[in-house]
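What follows is a single structure, written as structure tokens, with notes after it.
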Amino acid sequence: MNVFKRLFKVGEAETHSAIDKLENPIKMTEQGIRDLKKDLDESLRSLAEVKAMAIRAKNDVENNQSKAEEYESKAFALLKKAQSGEISEAEADRLATEALKKKEEFANAVLTSKSEKERFDKNVSQLEANVKKLKSDISGYENELKTLKARVKVSEAATKVNKQMAQIDSSSTMAMLERMKDKVAQQEALAEAYGDISHERKTLDDEIDKALDGSSLKASDELAAMKAKLGMNKDK
């Protein structure tokens, strides 16, 4: 847990030079999750070991309880044999006493085993709670990591676009557009001027041709009149 707490303190920029150096938070988070998973594996192993000890203590309680009851039954059986005359009372008392001592040993072992079982059960509960919290933390951090990766992609795309926009000099672009407008206007004016000149030249030629056509017609009429006076138009 200390590893992950240390990991997420990188968000405090004023106290961590890592942020000033722009360390990759995704890689750091992934490493933190890997460390947490190692802690989880160790906790699971510890949980399994403690559970095994709790099971053994439980078995010891049952076995010791059974042994204590067995020796109590043996002591009672010895006294019954003495009562029936199968063995002497002194021998029965001696053996029954030894059997009751064994019963006492196993009864004490039952108490010890119960105490160990209770302690192990308590440890198991604590470890299970830690494992559950670790699993929940890992799941939560993995979900946060997915969100972080998505945010990084969006921020990188936005940064790229904003950087491209920032590199565009709007004032120079507007000036270039104005120069292009002036050039286009100049070209349009020049085209119109050439059109006017072409029209004027065509009109002048038309006037000259018209004038020339009129002169030719007048000369032909005069020639015909002169031939008429000389009688040259008569058929031969």
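No value in this document is a laboratory result; all are computed from the given coordinates. Treat the numbers as computed from the prediction; the structure is a model and nothing was measured. Glycine also receives a Cβ, built like all others from the backbone with ideal geometry; neighbour counts cover every protein chain displayed.
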- Round to the nearest 0.05 the FRET efficiency obtained for THR97 and ASP121 when R0 = 41 Å and r is the Cβ-Cβ distance. 0.70
- Task: State, to one decimal in nm, how far the label point of ALA52 lies from the label point of LYS37, with both points 7 Å from Cα in the Cβ direction.
- Result: 2.5 nm
- the range 54-74 to the range 91-108: how many Å between their Cα centroids? 15 Å
- re the range 57-141: pairs of Cα atoms spaced beyond 17 Å account for a percent value of 62 percent
- Note on the structure: In nanometres, the difference between 0.36 nm per residue of separation and the alpha-carbon distance of ALA191 and LYS146 is 9.9 nm
